[in-house]
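The structure under discussion appears below in the form of structure tokens.
The values are calculated or read from the model by the stated rules, or taken from the named source; none is laboratory data. Note that this is a predicted model, so its numbers are computed, not measured. Neighbour counts run over all protein chains shown; Cβ positions are idealised from the backbone, glycine included. Just so you know, the surface numbers come from the protein's heavy atoms only, side chains and all, with ligands and any DNA or RNA stripped out. Shrake-Rupley method; radii C 1.70, N 1.55, O 1.52, S 1.80 Å.
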Amino acid sequence: MSEEKNILLDILNYELIPYDKIKNSDYLPAFQKSISIMNEDFIKIISDPSPLNLSTFEKSTFLFDQLKIIYNNKRRSDSLDEENLHKEEIDKLINETELSIYTNKDIFKKFKELKEDELKTTEDKYVYKFHMRKFLENGMSISDNEEKLKKLKEIKIKIASLISKYETNLIKDTNKFELNVTNEEDMKEFPESIKSIAKNLSKEKGYESGYCFTLKFPSYSPFMMYCCNRELRKKMYYAYNSKCYGGENSNVELLSEIVDLRQEMSHILGFKNYNEYVLSNRMAKNEENINKFHESIIEKALPKAKEEYDKLFKFANEYEEENKRNKIDTLELWDMSYYSDKLKKKLYDIDSEQLRKYFPLNKVFEKLFNLIYDLFEIKIVKEENIKLFHNDIITFSMWYNNNKMGYFYFDLFPRNEKTMGGWVYSLKPKIMNKYPIVGVNANIRKAVTNKIEDTNLSLGEAETIFHETGHSLHVILSETNYKSITGINVLWDFLEMPSQMMEEFFYEKSMLRQFDVPEDLIERILKVKNFNIGIGTIRQIEFSKIDIKLHSGIFKKGDNIEAFERKHGISVFKKPEGTCIFCGFSHIFNATYDYSCGYYSYMWAEVLALDAYDEFKKSENKKSVAEKYRKWILSKGGSDDPEILFKNFKGREFSIEPFLKSKGFIE
């Protein structure tokens, strides 16, 4: 009887990823074989006397890279299915292999023999820079010091192992907590749709009665917004903001060790700290520029945030007095969502839940795809017969001039086995496949009926669909010739620019009218967009500042992370004792998308995005602007300096002014 073929070994020949045919037991042998094939190709490259062909080098790792992408996507989308997966062995193998590629002295020698100024195209030069940076990161600049090189390898493997453990702990701690509310009085302000979902979950969890809430954001967020019981809000807040801060799934020591090892690694490579190491390969370039960037926004946003806090505090006590309840002494973070929603209703007569009826998921797709056609003449078609790893996944294809350009799918709803948050995977880059494939992942609230077609979106969730589709366009419209710089393989602080720009189109009056939103309500929606914008902006800067300080060298192994957050954060709220954001902050400790020393990137990219969108807003011929945008931004990937690409599109260097105006910080 012939041995069953491992489908993963033939994965490069599949137009779509055959998830339904892949078994957990396929991964390890497939990885092992891909590494063997890669090493055979390396021998050929090294023995070839002619100059290194960059394309040949990249193709040698195609199978390994493809397997890694599929495996990492599985880990984040289906984390609890580990039977026969050999997860620890695979993780170790991936880390060791990635190290071996960029510590191969013979391959490095072939690269060094190439002269950057002799490479023919800008694209070739950026591919060369990309790989030389990888060699630097893996210690080839100190390759004559075997002791240092050995230590560096040990550190990188250890960091990867610790981050994997950090992520696993976070999933476990998130899933562990649940709050079952049995007092109907505590539920009186909840919309019926949320009550129904919570009641169904309570039954699923085995409770005799009540309403069950968890730390998954589609459950946590409405609880904090509608629960009138302040003590329950406080309990929920503490659970959410102390995830992995002690207990059986503690990340305290893991965080401390990861930060310490990052510093040690940076010193070995010749950098004064981890910030300098990371930022030497970013638009921002150094810590000083980020601090200046933060201060230029804090100067405008902090006074606004203080004003918003005072107004909200005053309103909260007025509201409590009206409802014959005790006044509050201090406005706490667990009060923010609850009173903000009440004040928003009072000022703008807007009910977040009532707005959902205007934004059915399928209609959001329809209007978004019409916009993309109007801008880029790209048609998007739903693929009814493509089944992926879960029945909820919705797949589309992109077409231009009747030619298929690629696929992208949406995995939108939370599951116990799925990582929280939103992310995009370039599952099959164009250079590796006839048609690129993009995976869009989010965690939005599903309809009470559990049917996709009945799901209505909040403003924020609809905005998310626009955002993630911006990433998809960046991948599928890329026209680069190398895997390493295609699509979203760009400098980290440029990555979110195309996605954040797409969000702005959702809030155009002409777009909102397509959802049959009444004209007076459109005006109120646009006003509410910047409601408490000062508080929100300062909150985002707080995370960025702590991230930068954490990796500046001043945080030492064993230091109290809660005290560190309190010292280096910035907020108009008092930080509650016993909470610690960074023990559950997977953006900064992430195996796939590592935002360490990079959380500032979201706001940096938003400045670029709003400046780019300003070009569309001012033009009467949006199609011509879109053509220029596609030419200089979407098609280029990481094939040139993003500052140059932006300048080619905009005609000047980027400006912070459109950002400050959009937020209402300046006139």
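Screening Tyr613, Tyr600, Tyr595 for residues that are at pLDDT 95 or above and within 30 Å of Ser256 (Cβ to Cβ) leaves exactly one candidate, Tyr600. When the residues of segment 549-578 are filtered to those that are assigned to a loop (DSSP other than H, G, I, E, B) and aliphatic (A, V, I, L, M), the one that is surrounded by the most Cβ atoms within 10 Å (Cβ to Cβ) is Val572. Among the conditions (1) within 25 Å of Val448 (Cβ to Cβ); (2) crowded, with 19+ Cβ neighbours inside 10 Å; (3) free of Cβ contacts under 8 Å to residues at least 40 places away in the same chain, the only one that Lys345 does not satisfy is (2). Within segment 355-379, which residues are without any contact (Cβ under 8 Å) to a residue 60 or more places away in the chain and within 30 Å of Glu318 (Cα to Cα)? Matches in segment 355-379: none.
Taking the conditions exactly as written (part of a helix (DSSP H, G or I) and within 25 Å of the chain's Cα centre (by Cα)), does Ile90 satisfy them or not? Yes, satisfied.
Filter segment 355-376 for residues that are among the aliphatic types (A, V, I, L, M) and either closer than 22 Å to Tyr400 by Cα or within 24 Å of the chain's Cα centre (by Cα) (or both) and give the result.
The answer is Leu361, Val364, Leu368, Leu371, Ile372, Leu375.
Against the test of being among the charged types (D, E, K, R) and either open to solvent by less than 80 Å² (accessible area, probe 1.4 Å) or farther than 27 Å from Ile69 by Cβ (or both), the options Glu96, Glu89, Glu154 yield a single qualifying residue, Glu96.
Would you pick out the residues in segment 427-466 that are hydroxyl-bearing (Ser, Thr, Tyr) and either closer than 30 Å to Ser484 by Cα or assigned to a helix (DSSP H, G or I) (or both)? Passing the criteria: Tyr435, Thr464. A single member of Glu178, Glu204, Glu147, Glu118 is within 20 Å of Pro414 (Cα to Cα), exposed (fewer than 14 other Cβ atoms within 10 Å of the Cβ), free of Cβ contacts under 8 Å to residues at least 40 places away in the same chain and not hydroxyl-bearing (Ser, Thr, Tyr), and it is Glu204.
Taking segment 194-247 as the range and being within 27 Å of Ala563 (Cβ to Cβ) and acidic (Asp, Glu) as the test, only Glu231 passes. Within segment 474-500, the set of residues being more than 16 Å from the chain's Cα centre (by Cα) and aliphatic (A, V, I, L, M) comprises Ile476, Leu477, Ile485.
Cβ separations smaller than 6 Å between residues 6+ apart or across chains give the following pairs from segment 328-340 residues that are closer than 11 Å to Met224 by Cα and hydrophobic (A, V, I, L, M, F, W, C) to residues that are in a loop (DSSP other than H, G, I, E, B) and open to solvent by 10 Å² or more (accessible area, probe 1.4 Å): Leu333/Phe573. Tell me whether segment 620-642 contains one or more residues that are in contact with a helix residue (DSSP H, G or I) (Cβ under 8 Å, 6 or more places away or on another chain), more than 29 Å from Phe506 (Cα to Cα), crowded, with 22+ Cβ neighbours inside 10 Å and of a type in the set (A, V, I, L, M, F, W, C). No, that holds for no residue.
Close Cβ contacts (under 6 Å, 6 or more residues apart or on different chains) running from residues in segment 31-47 that are within 18 Å of Ile69 (Cα to Cα) to residues that are of a type in the set (Phe, Trp, Tyr) and buried (at least 17 other Cβ atoms within 10 Å of the Cβ) comprise Ser34/Phe64; Met38/Phe64. Considered as a group, the residues in segment 43-68 that are in a helix (DSSP H, G or I) and among the acidic types (Asp, Glu) include one that is farthest from the chain's Cα centre (by Cα), and that residue is Glu58.
Every residue, every condition in (1) over 20 Å from Leu473 (Cβ atoms); (2) among the hydrophobic types (A, V, I, L, M, F, W, C), yes or no:
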position: Ser619; (1), (2): no, no
position: Ser624; (1), (2): no, no
position: Ile633; (1), (2): no, yes
position: Gly637; (1), (2): no, no
position: Pro642; (1), (2): no, no
position: Pro658; (1), (2): yes, no
position: Gly664; (1), (2): yes, no
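In this structure, is Ser484 among the hydroxyl-bearing types (Ser, Thr, Tyr), over 19 Å from Pro414 (Cα atoms) and open to solvent by 10 Å² or more (accessible area, probe 1.4 Å)? The answer is no for Ser484.
A single member of Lys509, Lys527 is of a type outside the set (S, T, N, Q), within 18 Å of Gln354 (Cβ to Cβ) and surrounded by fewer than 17 Cβ atoms within 10 Å (Cβ to Cβ), and it is Lys527.
Summed over segment 262-272, residues that are in a helix (DSSP H, G or I) and either open to solvent by less than 20 Å² (accessible area, probe 1.4 Å) or modelled with pLDDT under 95 (or both) total 4. In segment 96-126, of all residues being among the basic types (Lys, Arg) and more than 35 Å from the chain's Cα centre (by Cα), the one that is nearest to Glu643 (Cα to Cα) corresponds to Lys115. Checked against the criterion of being surrounded by fewer than 20 Cβ atoms within 10 Å (Cβ to Cβ) and closer than 22 Å to Val127 by Cβ, the candidates Ile7, Ile45, Ile22 yield just one match: Ile45.
For segment 321-328, indicate whether the set of residues that are closer than 22 Å to Tyr237 by Cβ and open to solvent by 90 Å² or more (accessible area, probe 1.4 Å) is non-empty. The answer is yes, given that some residue of segment 321-328 is closer than 22 Å to Tyr237 by Cβ and open to solvent by 90 Å² or more (accessible area, probe 1.4 Å).
State which residue is modelled with the lowest pLDDT when the search covers only segment 48-59 and only residues that are touching a helix residue (DSSP H, G or I) at 6+ places or on another chain (Cβ under 7 Å) and surrounded by fewer than 20 Cβ atoms within 10 Å (Cβ to Cβ).
Among those residues, the one meeting the criterion is Pro51.
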